[in-house]
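*Asks:* One structure coming up, written as structure tokens, with questions to follow.
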Amino acid sequence: MWAERLLLPCRARLRLLPPRRWRRGEAGAMRLQTPQFQALFTPGLRSVAELFEKKNYELRIAGGAVRDLLSGMTPQDVDFATTATPAEMKEMFTSAGVRLINNKGEKHGTITARLHEQNFEITTLRIDVVTDGRHAEVEFTTDWEKDAERRDLTVNSMFLGLDGMLYDFFNGYEDLKNKKIRFVGKASARIQEDYLRILRYFRFYGRIAEKPDDHEPTTLEAIKENAKGLAGISGERIWVELKKILLGNHVNHLVRLLYELDVAQYIGLPLNGSLEELDRVTKNVQNLCPKPMTVLTSLFKVKDDVTNLDLRLKISKEEKNLGLFLVKHRQELTKAVGPEPLRPYQDFIMDSREANTNSKIMELLKYQGEEHLLKELQEWTVPSFPVSGHDLRKMGVSSGKEIGTALQQLREEWKKSGYHMDKEELLSCLKK
């Protein structure tokens, strides 16, 4: 079968075909033949491809997976596009005895089939008929260029045939090679179809662009003119994109743009965010894998900034607690002068009765740029207090109040010893 032929070893990553004249809407003169591409052809995909081939329905890899494959990366998710309608796909898969799952996407043209323990999400080519800045009413088509035209960015608008042929209607591959992020067609039109695309632009800029300030002026103008549209986008959708921006490249530059282009006020950020602190913290956390909230907290001056963010974005309880923790302790909880710089952090963990304190302290150390102390804390095992109330009863202490007082005194002695004293040493303190 043709799918098996694709798996034959090849010397070149990208094989250029003989030069030929081609019109916009046809495949470019390039086939992709990389290990990452060939690895996609699992038994499941071969079976899917055979079903579509028998019915003469076109099937291609779409969107982000194409972008990743062209970048030499293995895509985490692979989406497919087809000329077959949802009804045609359902009939085809049902007749072949293929299990269909998650029918929620069917009204948008997406069918999910499960073959060989693998899910395949396949969407009919679409045209947006009506958009309101959040959702779209779609109409099915067999025109690949029309479907590409409705996508957000040129680097996300490409298709890849299962023979490796690239279909690129809007110069997405050229932009990808040049590390340029552009909207498909007119920026304002794409943004007004879904205002979340403003944040997607910044997210992919931080992922792909090489320089921190290489935007087209018309794109920035379109973003500023349409920033208010983000007020109608759900907080959950905004938070998904914002977290990815915070963990990408050029964070300082992109967050500053959020303020300069009047985006910040519509996505829950404080009006007077501390951009100087952001600059400092982004340098501190380099190569330390911070959580998005750790970076974002640098903008906050008071606890109310965290509360207001939560009201807008509906962040998780864990994220909110981390933000509140960092705002409260980033100035007062610092390393000690002397031979035990980590000691204040260890004491805080031992004294705390809150959940996840160890994790919060690690994020605080990242925030403060204390890389060496972070490694030391990661290697430190939280010790267990060696004395119990039962031990005191065996020594003749019977009153509950006296036991509580004694345990507290012994815990203080244990703390002074750097948590090194054992049970016998601690109990001997009571005998004196």
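The values are calculated or read from the model by the stated rules, or taken from the named source; none is laboratory data. These figures come from a predicted structure and were not determined experimentally. All Cβ positions, even for glycine, are placed from backbone atoms using ideal geometry, and neighbour counts span all protein chains on display. Heavy atoms of the whole protein, side chains included, go into the accessibility calculation; ligands, DNA and RNA do not. Shrake-Rupley method; radii C 1.70, N 1.55, O 1.52, S 1.80 Å.
*Asks:* Looking at R353, is it open to solvent by less than 90 Å² (accessible area, probe 1.4 Å), out of contact with any helix residue (DSSP H, G or I) (no Cβ under 8 Å at 6 or more places or on another chain) and among the basic types (K, R)?
*Replies:* So R353 does not fit the description; no.
Listed here are the residues, each with its yes/no results for (1) crowded, with 21+ Cβ neighbours inside 10 Å; (2) free of Cβ contacts under 8 Å to residues at least 12 places away in the same chain; (3) not aliphatic (A, V, I, L, M).
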{"site": "I127", "(1), (2), (3)": "no, no, no"}
{"site": "F140", "(1), (2), (3)": "no, no, yes"}
{"site": "L162", "(1), (2), (3)": "yes, no, no"}
{"site": "K177", "(1), (2), (3)": "no, yes, yes"}
{"site": "G185", "(1), (2), (3)": "no, no, yes"}
{"site": "I198", "(1), (2), (3)": "yes, no, no"}
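*Asks:* Another question, then. Of the numbered conditions (1) free of Cβ contacts under 8 Å to residues at least 12 places away in the same chain; (2) assigned to a helix (DSSP H, G or I), Y367 satisfies every one except a single condition; which is it?
*Replies:* Only one criterion is unmet by Y367, namely (1).
Residues are listed down the side, and each one gets a yes or a no for (1) within 19 Å of T357 (Cβ to Cβ); (2) part of a helix (DSSP H, G or I); (3) in contact (Cβ under 8 Å) with a residue 60 or more places away in the chain:
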| site | (1), (2), (3) |
| --- | --- |
| E276 | no, yes, no |
| D279 | no, yes, no |
| L288 | yes, no, yes |
| D305 | no, yes, no |
| D310 | no, yes, no |
| E318 | yes, yes, no |
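*Asks:* Cβ contacts < 7 Å: first residue in contact (Cβ under 8 Å) with a residue 40 or more places away in the chain and more than 15 Å from W414 (Cα to Cα), restricted to the stretch 371-394; second residue surrounded by 14 or more Cβ atoms within 10 Å (Cβ to Cβ) and of a type in the set (D, E, K, R), any location; separation 6+ or different chain. Result?
*Replies:* Close Cβ pairs satisfying both conditions: L374/K366.
*Asks:* While we're on this one: What strands (runs of 3 or more DSSP E) completely inside the stretch 33-105 contain at least 3 residues that are touching a residue at least 24 places away in the same chain (Cβ under 8 Å)?
*Replies:* Output list reads 59-62, 79-82.
*Asks:* While we're on this one: Do you know which of the residues in the stretch 368-404 that are surrounded by 15 or more Cβ atoms within 10 Å (Cβ to Cβ) and β-branched (V, I, T) is nearest to the chain's Cα centre (by Cα)?
*Replies:* The qualifying residue nearest to the chain's Cα centre (by Cα) is V387.
*Asks:* I would also like to ask the following. Any residue at all in the stretch 21-40 that is open to solvent by 40 Å² or more (accessible area, probe 1.4 Å), more than 28 Å from K179 (Cβ to Cβ) and modelled with pLDDT under 95?
*Replies:* Yes, there is a match, as at least one residue in the stretch 21-40 is open to solvent by 40 Å² or more (accessible area, probe 1.4 Å), more than 28 Å from K179 (Cβ to Cβ) and modelled with pLDDT under 95.
*Asks:* Hey, another quick one. Residues that are on the phi > 0 side of the Ramachandran plot, modelled with pLDDT of 95 or more and not polar (S, T, N, Q): does the stretch 308-325 have at least one?
*Replies:* yes
*Asks:* State which residue is farthest from the chain's Cα centre (by Cα) when the search covers only the stretch 405-427 and only residues that are more than 19 Å from F348 (Cα to Cα) and open to solvent by less than 40 Å² (accessible area, probe 1.4 Å).
*Replies:* L427
*Asks:* For S359, which of the numbered conditions (1) open to solvent by 30 Å² or more (accessible area, probe 1.4 Å); (2) farther than 22 Å from I245 by Cβ; (3) of a type in the set (S, T, N, Q); (4) touching a residue at least 40 places away in the same chain (Cβ under 8 Å) fails to hold?
*Replies:* It is condition (4) that S359 fails.
*Asks:* For T82, only one of the following conditions fails: (1) more than 19 Å from N156 (Cα to Cα); (2) open to solvent by less than 70 Å² (accessible area, probe 1.4 Å); (3) of a type outside the set (G, A, S). What is its number?
*Replies:* (1)
*Asks:* Could you please find all residues in the stretch 95-117 being surrounded by fewer than 16 Cβ atoms within 10 Å (Cβ to Cβ), modelled with pLDDT of 95 or more and under 27 Å from the mean Cα position of the chain (by Cα)?
*Replies:* Hit for the stretch 95-117 is R114, nothing else.
*Asks:* Something else: Would you point out which residue out of A209, A264, A227, A222 is open to solvent by less than 20 Å² (accessible area, probe 1.4 Å) and free of Cβ contacts under 8 Å to residues at least 12 places away in the same chain?
*Replies:* Of the residues listed, the single one that is open to solvent by less than 20 Å² (accessible area, probe 1.4 Å) and free of Cβ contacts under 8 Å to residues at least 12 places away in the same chain is A264.
*Asks:* Which of the residues that make up the stretch 108-127 are part of a loop (DSSP other than H, G, I, E, B) and not small (G, A, S)?
*Replies:* H116, E117, L125
*Asks:* Sort out which residues of the stretch 257-274 are closer than 25 Å to E236 by Cβ and in a helix (DSSP H, G or I), and write them in order of number.
*Replies:* Selection gives L257, L258, Y259, A264, Q265, Y266.
*Asks:* In addition: Sort out which residues of the stretch 320-347 are open to solvent by 20 Å² or more (accessible area, probe 1.4 Å), assigned to a loop (DSSP other than H, G, I, E, B) and either hydroxyl-bearing (S, T, Y) or within 20 Å of K291 (Cβ to Cβ) (or both), and write them in order of number.
*Replies:* R330, Q331, T334
*Asks:* Looking at the stretch 230-256, which of its residues are part of a helix (DSSP H, G or I) and open to solvent by less than 30 Å² (accessible area, probe 1.4 Å)?
*Replies:* Within the stretch 230-256, L230, G235, I238, W239, E241, L242, I245, L246, V251, L254, V255 qualify.
*Asks:* Go through the stretch 51-80 and report how many residues are of a type in the set (S, T, N, Q) and closer than 14 Å to L176 by Cβ.
*Replies:* 1
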